[in-house]
Every structure is written in C-alpha cells, then in structure tokens.
Amino acid sequence: NAGVTQTPKFRILKIGQSMTLQCAQDMNHNYMYWYRQDPGMGLKLIYYSVGAGITDKGEVPNGYNVSRSTTEDFPLRLELAAPSQTSVYFCASTHDGTGELFFGEGSRLTVL
Amino acid sequence: GNSVTQMEGPVTLSEEAFLTINCTYTATGYPSLFWYVQYPGEGLQLLLKATKADDKGSNKGFEATYRKETTSFHLEKGSVQVSDSAVYFCALRGGDKLIFGTGTRLQVFP
C-alpha cells in the first residue's frame, strides 16, 4: 500500500532558487493538504484542495503555489526560496474531509 | 476563529506511569476532535477521534472524552510504555480543514 508518497525526502536550496515538492496519493481521496512543521511548533496549513481543479489558501500561503490537475497529485511549488521556508513539509489526504488524514513521510527542506 | 491549545512539553514519565496530556479548543459549534501521534522521523497518524459531545475515543490503551462543558479533549493512558515516546497532536475539524495544536512531546524512560 503506497498511501501518500512525497518526493524528495530531503533537499537543500540556495536563497532565490525555486523547486517543486511532489505529492501523490493512490487512495482516490478528494481532499489533499500541504502543511509545514517548524521545530517545536505545530502544523501550519499552507494550501489545500477539495478536488481536482480546486485549491484554496491555508494559514501560511505566501511564497508557495499549488495546482491540482488530477485527483492523485498535489504538487507544492516554492518560488524564490527564503531561509524562512526551511521546514519539514507534510502532504496529507482524506476521502471526504471528515478529519482522518493520511500523511506522507515528510520532505525536509533547508534554504541556505 | 477555531483554535486548539495543548499543554507544553516535554512530558517525561517512567514506564507504567499514568499519562494525561491536556487539550482545550475554541470553536463555533461542536467540531470533531482528534488526537494524532508522530513517531520520530515519520508523518502523523490518527490515534483516536470523537465526533460529538460525550463521545469517548480510544485506541492502543489511549482514551479521550469530548467534553463540551469544558471545551476539552484530554488524552489519557493508564500505563505508558517506552514505545509510546512520540509527539502527540490534538486537532479539530473546522470546515474542510484540520486545525492542529502545537504538539506535546512525550518521553518515557524504562
């Protein structure tokens, strides 16, 4: 069972570079989410999607973009990386938004 | 707006001790409530949930009761094990989103 798959697991970026974090789920879930987790802090919602073609901002969307062209994939794009974006990023999905989220293993991003 | 407040950690216990991790919430109406657990190097996974007032969620010896009078959902376990060492997150469902607390780290020593 693949579940939610995130790539890459680790990445180091220089300030100003751009990159895309990939997220794919094979559970046919409609709802997908991107969170970031900073040391000693909880999870902050960046963007979410309730279905293909629909995305919405969370608490901390600045500096990020998303797209949802298929049910399976929900990539997160970082434009002009900044040190403040150093974090662990988690993708999650759920079938109907009832709250039982399935998480990927995380992507650790460092911006230097 | 909706929010979740958890007790700060770390919580340090000896094996077989009793565990309580406090969680209170602010929300409109009666949202579903959750506890998630994060083991080292892993993503979060659902531990238990409660969808209405007075419901008790339970799993792996952990329990939490949805108390609307005190807007609380405290996590308890009667006898912790070293393998319970992890970070525990309280969360509530607000619309299409899940809102998490800051997490409480539990360390259990033999």
Note to self: Of the residues B:T20, B:T65, only one is more than 26 Å from A:W34 (Cβ to Cβ), within 11 Å of the chain's Cα centre (by Cα) and loosely packed, with under 14 Cβ neighbours inside 10 Å; which?
What the structure shows: B:T20
Next item on the list: Take the residues in the range B:78-96 that are surrounded by 19 or more Cβ atoms within 10 Å (Cβ to Cβ) and charged (D, E, K, R), then tell me which one is nearest to B:Y39 (Cα to Cα).
Entry: B:D84
Next item on the list: Among the residues of the range A:1-20, count how many are among the aliphatic types (A, V, I, L, M), farther than 24 Å from B:A86 by Cβ and surrounded by 13 or more Cβ atoms within 10 Å (Cβ to Cβ).
Entry: 2
Notebook entry, point to check: Across the range A:55-112, which residue is surrounded by the most Cβ atoms within 10 Å (Cβ to Cβ) among those that are under 14 Å from A:Q37 (Cα atoms), within 11 Å of chain B (Cβ to nearest Cβ) and of a type in the set (A, V, I, L, M, F, W, C)?
Noted result: A:C91
Notebook entry, point to check: So which residues in the range B:49-69 are touching a Lys or Arg at 6+ places or on another chain (Cβ under 8 Å) and part of a strand (DSSP E or B), if there are any at all?
Noted result: B:A50, B:G57, B:F62, B:E63, B:A64, B:T65
Check: Just for the range A:1-26: of the residues that are more than 17 Å from the chain's Cα centre (by Cα) and among the polar types (S, T, N, Q), which one is nearest to A:V50 (Cα to Cα)?
Finding: A:N1
Check: Can you tell me how many residues in the range A:17-67 are under 16 Å from A:F102 (Cα atoms) and β-branched (V, I, T)?
Finding: 1
Item checked: Residue that is farthest from the other protein chains (Cβ to nearest Cβ), among those in the range B:98-107 that are surrounded by fewer than 20 Cβ atoms within 10 Å (Cβ to Cβ) and within 15 Å of B:L44 (Cβ to Cβ) -> B:R105
Margin query: Can you find, within the range B:77-97, the residue that is farthest from the other protein chains (Cβ to nearest Cβ) among those that are modelled with pLDDT under 95 and not in a strand (DSSP E or B)?
Written below: B:G95
Check: Somewhere in the range B:35-50, is a residue in contact with an Asp or Glu (Cβ under 9 Å, 6 or more places away or on another chain) and of a type in the set (V, I, T)?
Finding: yes
Check: Just wondering, is there one or more residues in the range A:56-75 that are among the β-branched types (V, I, T) and closer than 23 Å to B:L48 by Cα?
Finding: no
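The values are calculated or read from the model by the stated rules, or taken from the named source; none is laboratory data. Since the model is a prediction, treat every value here as computed from it, not as a measurement. Every residue, glycine among them, receives a Cβ derived from its backbone with ideal geometry; neighbour counts consider all protein chains shown.
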